[in-house]
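Encoded as structure tokens, the structure appears first; notes follow it.
We did not get these values from a lab; they are worked out from the coordinates using the rules stated. Predicted, not measured: the structure shown is a model, and the values here were computed from it. Here the Cβ positions follow ideal geometry from the backbone for every residue, glycine too, while neighbour counts run over all protein chains shown.
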Amino acid sequence: MRLGVIGTGHVGLVTCVCFSSFGHDVVGTDSDVEKIRGLAQGRPPFFEPGLEEMLATELASGRLSFSAEPADAIREAEAVFVCVGTPARSSGEASLAATEHAARQFARYAPPHSVFVEKSTVPAGSALRIRRTIVRERPDLEGELEIASNPEFLREGNAISDSLHPDRILVGAEAAWVFDLMRRVYKPLLDKGHRLIETDLISAELAKHMCNTYLALRVSLLNAFAEISERAGGDIAAVTEVMGSDPRIGPHFLRPGIGYGGSCFPKDLRAFDRLAKSLGYDFPILQEIARLNDEAAASAVRKVKDAVWNLEGKRIALLGLAFKPDTDDTRFSPALEVARRLVAEGADVVAYDPRATLDGAGDAPPMKRVSSVYEALQGSSCAVICTEWDEFRNLDLDRVKLAMAEPLIVDGRNVLEPSEMRAAGFVYYPTGRPPVLG
Ligand code: UDX
């Protein structure tokens, strides 16, 4: 099949290489000409495990190409997957300007009997607006150009694996031929037994927002449980083992920490809140999820203050900037929120992350970045672990102790073992677990 992909960010680029690996001919396009140039030469603009290798293989196969001209991606395609950004506006509402632009381009160049596929996360009802836009542009092709909603559930850091081994493929559409076409797109995965769920357009759009809202709720609830455990003197690790053994709850996504971040949860939660409001439904729990998320970062900083006392002029090592491990993404990273709060208290923050870039992260707080974990720890009064990189699990504790001004660690991701910290002579504050006070 010939497929087009508009937008080569995290979702779009992974979609390009995976579809090409299925044997389809894929043309990816993006408004960022520099990005397209780099991609054509095999350079992904961000880090994702396995992506660079797969990009090289698929470019070499001749099936995958990139063009700055949207017409090249649309003109001969049976389906065009739209993976453009839908960032939050100041009101929290998702900005659909890029989606509308893609709809107009699609209408302009699409051949009859082709499908505009929403992959970006958009509020319920967007497909109907897209359809109206396309029909207005091309009344001559009414009924020939269709819409599908095919939300992406991939996680950064696991994006390739999630795309090649999805726990579900979701397709929302109206016409039977569109479902048939989407089944042909995903045939290699369906042949391996992966499940494709067919729904109407609005339910598909809702499902994506509702999944992310539910997951964000789970993280915030766990962070609140961790706080209660700490205050009551319990151990959240024991509690989550019990909770996770209940099949109705399940063991995944029960890790407490300094909060969620990334390009999806914060933005989608706000957009879903706006959608609920626009439907006249009062849904205060959505704001509460976000408040608890801020509170998780604040809790880590409170521990630093408790342990260090005054932070003015103290050097604090921040270990991890990415919103999660195995990505360089710092968008809405709670690590930056922790840094911001430490800087506001007068601390000198020295940050280390093996991968993170501050691209797209907005205003980062003033902090020094260093290129090794021991350099960050050198002379520091306290270290705060903000991202669960494997590198932090395997620290040489004797070397850490020697480097630090005080052997004091606040573990915002429960990366280290309390018993080992006690044996090594550290004061150690995990999250939701009893502290090791030396
Ligand atoms: C998420 C959804 O999982 C994915 O389906 C959707 O398509 C995009 O948004 P992603 O943001 O890449 O994916 O990462 P995810 O692994 O879901 O983690 C989100 C945030 O929650 C991270 O900041 C992570 O550190 C945090 N988290 C996750 C926790 O704090 N505890 C957990 O138990 C799980």
**Report entry** Distance in nm between pseudo-label sites at residue 232 and residue 91 (7 Å out along the Cβ direction from Cα)
**Finding:** 4.2 nm
Query raised in the report: ³J(HN,Hα) across the range 315-328 via Karplus (A = 6.51, B = -1.76, C = 1.60, θ = phi - 60°), whole Hz, x for Gly/Pro?
Result: 8, 10, 8, 9, 9, x, 10, 5, 6, 6, x, 6, 9, 9
Query - Virtual spin-label span in nm between residue 393 and residue 57, 7 Å along Cα→Cβ - result: 2.5 nm
Requested in this report: Would you list, by chain and number, the lysines whose Cα falls below 24 Å from the Cα of residue 267, excluding same-chain residues fewer than 8 positions away?
Outcome: 35, 119, 208, 277, 324
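Could you tell me which GluC sites (Glu not before Pro) in the range 1-99 are loop residues by DSSP with no more than 16 other beta carbons within 10 angstrom of their beta carbon?
Details: sites: 34, 52, 53, 58, 76, 78, 93; in loops: 76, 78, 93.
Hits after loop and neighbour filter: 76.
Which value, in nm² and rounded to one decimal, describes the direction-averaged projected area of the C-alpha convex hull of the chain? Could the numbers behind the result be given before it?
Details: hull surface 87.0 nm².
In nm², the orientation-averaged hull projection of the chain is 21.8.
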**Report entry** Loop GluC sites (Glu not before Pro), the range 290-399, which have at most 13 other Cβ atoms in a 10 Å radius of their Cβ (DSSP)
**Finding:** 312
Query raised in the report: Is any residue of the range 124-154 close enough, with backbone N under 13 Å, to a label point placed 7 angstrom from the Cα of residue 281 along the Cα-Cβ axis, and if so, which?
Result: 124-125
Query - Rounded to 10°, Cα long-axis angle of helix 51-61 versus longest principal axis of the chain - result: 30 degrees
**Report entry** residue 253/residue 203 FRET efficiency (R0 30 Å; Cβ-Cβ; nearest 0.05)
**Finding:** 0.85
Query - Under 5 Å, built H, 5+ apart or other chain: amide partners of residue 64 - result: 26
Query raised in the report: To the nearest 0.05, how large is the calculated FRET efficiency for residue 246 and residue 291 if R₀ is 25 Å and r is the Cβ-Cβ distance?
Result: 0.40
Requested in this report: Please sort by residue number the trypsin sites (Lys or Arg not before Pro) in the range 252-290 whose DSSP state is loop and whose Cβ has at most 11 other Cβ atoms within 10 Å.
Outcome: none
Requested in this report: Give me the percent of DSSP beta bridges within the range 24-137 that run antiparallel, rounded to the nearest 5.
Outcome: 10 percent
Report task. Can you check what the net charge comes to around residue 370, using other residues whose Cβ is under 13 Å from the Cβ of residue 370 (Lys, Arg +1; Asp, Glu -1)? Result -> 0
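Taking 0.36 nm per residue of sequence separation and subtracting the Cα-Cα distance, how much length would be gained by fully extending the chain between residue 369 and residue 402, in nm to one decimal?
Values: separation 33, 0.36 × 33 = 11.88 nm, distance 2.06 nm.
Taking residue 369 through residue 402 to full extension adds about 9.8 nm, to one decimal.
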Query - For the range 76-81, 3J(HN,Hα) per residue [Karplus equation, 6.51 cos²θ - 1.76 cosθ + 1.60, θ = phi - 60°, Hz, x = Gly/Pro] - result: 10, 7, 6, 8, 10, 8
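Calculate how many DSSP beta bridges within the chain are antiparallel, expressed in % of all such bridges and rounded to the nearest 5.
On the way: 3 of 46 bridges.
Just about 5 percent of them are antiparallel.
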Report summary line: Between residue 68 and residue 187, the two model label points (7 Å from Cα along the beta-carbon direction) sit apart by a distance in nm of 3.6 nm
Query raised in the report: Any idea what angle helix 126-137 forms with the longest principal axis of the chain, computed on alpha-carbon atoms, 0 to 90 degrees, nearest 10?
Result: 40 degrees
